[in-house]
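Working notes, structure below.
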Amino acid sequence: MVGTTVDEQTEMHSQATVVPPRLEVAEDRRGAVEDFDQLPSEISVRDLDFFYGKEQALFGNSIEIKKNRVTAVIGPSGCGKSTHIRAYNRIFNLYRDQKAKGEILFDGANILSSQIDLLDLRRRIGMIFQKPSPFPMTVFDNVAYGLRQHYRMSRSDLSNRVEDALKRSAIWDEVEHKLNEPGNALSGGQQQRLCIARAIAAEPDVLLMDEPCSAIDPVGTAKIEELILALKNKYTIVLVTHNMQQAARVSDYTAFFFQGRIVEFGPTTKIFSNPAEKQTEEYITGRFG
Ligand SMILES: Nc1ncnc2c1ncn2[C@@H]1O[C@H](COP(=O)(O)OP(=O)(O)O)[C@@H](O)[C@H]1O
Ligand SMILES: [Mg+2]
């Protein structure tokens, strides 16, 4: 594999997690009770293909990401989960040989078109990576970073916005007295919530989370899952996870990927209790992956 990132390398290790065969799906997942077609889409993906050089990694992906819902992306290692969500904010444009074809409609425009302002796109579609990655600066400056990049504001406005973002990321109480300490001195779970605060300070519409809990202990994971459920009232969330209980606990809709294709997409309750495709069933019952 050419040019794997540290994130992707860590992921390969995390895929060793054993998947228990039975899954409890929380009853209150909205996808169970609402009319999907009536909901507004935040992002519409149409026939997305993706290439690493000549190697095709995604094939004809089409999916509707609904506003203010959590959409989980699941599937075995290497099936294209990260590649798929990294297309949404064009982060792949950092690499010269990576190319996406098709349409990703967001706020009336195809974000794959050349006219898109990438800085603005990445503010509006924020990303949380697998390995918590605070910048090498203080807790305060980590959150202020995004704000300073996108907005001009007074010092007191800045501090208010930082405090607000930390509160909305459920970490304020833990860092209120550590604002001038280095961000990377926090625990892993706190660092991840700090990164979420950094993303939401910029007032995004969408949060992409690529296995945000796979490097975090169970207590930290529970806090992040709780936070995801709170954040969906304001943001649209796309959550890549190899932890199927997590997908069942926090998502409304689930997409199952296999070998670069979306095999099945639907309400999380349906995917986990009564999948239409044999491959989906084999994966969620732990027979491969
Ligand atoms: N930088 C890269 N260069 C070439 N191939 C890559 C690169 N990153 C990922 N791939 C390939 O693309 C496919 C999908 O990978 P990825 O999106 O990372 O899967 P997942 O996130 O589901 O584990 C895999 O076959 C992987 O080997
Ligand atoms: Mg991945």
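Any read-out appearing in this document is the output of simple, stated calculations on the displayed coordinates, not a laboratory observation. Everything numeric in this text was worked out from a predicted model, so none of it was measured. Note: ideal-geometry Cβ built from the backbone for every residue, glycine included; neighbour counts use all protein chains shown.
Among the residues of segment 220-235, is any farther than 26 Å from PRO76 by Cβ, part of a helix (DSSP H, G or I) and not hydrophobic (A, V, I, L, M, F, W, C)?
Taking every residue of segment 220-235 in turn, at least one turns out to be farther than 26 Å from PRO76 by Cβ, part of a helix (DSSP H, G or I) and not hydrophobic (A, V, I, L, M, F, W, C).
Within segment 77-98, can you find the residues that are more than 9 Å from ligand 2 (Cβ to nearest atom) and at positive phi?
Within segment 77-98, just ARG90 meets the criteria.
Here's the yes/no breakdown for (1) in a helix (DSSP H, G or I); (2) over 18 Å from the mean Cα position of the chain (by Cα):
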| residue | (1), (2) |
| --- | --- |
| SER113 | no, yes |
| LEU121 | yes, no |
| GLY126 | no, no |
| PRO134 | no, no |
| ALA144 | yes, yes |
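What are the residues in segment 185-219 that are away from ligand 1 (no atom under 16 Å from the Cβ), touching a Gly at 6+ places or on another chain (Cβ under 7 Å) and assigned to a loop (DSSP other than H, G, I, E, B), if any?
If the condition is that a residue be away from ligand 1 (no atom under 16 Å from the Cβ), touching a Gly at 6+ places or on another chain (Cβ under 7 Å) and assigned to a loop (DSSP other than H, G, I, E, B), then SER187, ALA202, PRO204, ILE216, ASP217 are the ones that fit.
When both residues are 6+ apart or on different chains and their Cβ atoms are under 9 Å apart, which pairs have a first residue that lies in segment 234-256 and is within 18 Å of SER62 (Cβ to Cβ), and a second that is in a helix (DSSP H, G or I) and aromatic (Phe, Trp, Tyr)?
That search, which allows pairs on different chains as well, returns VAL238/TYR88; TYR253/PHE36; THR254/PHE272; PHE256/TYR283.
Quick one: which residue in PHE265, PHE272 is within 21 Å of the chain's Cα centre (by Cα), assigned to a strand (DSSP E or B) and not acidic (Asp, Glu)?
PHE265
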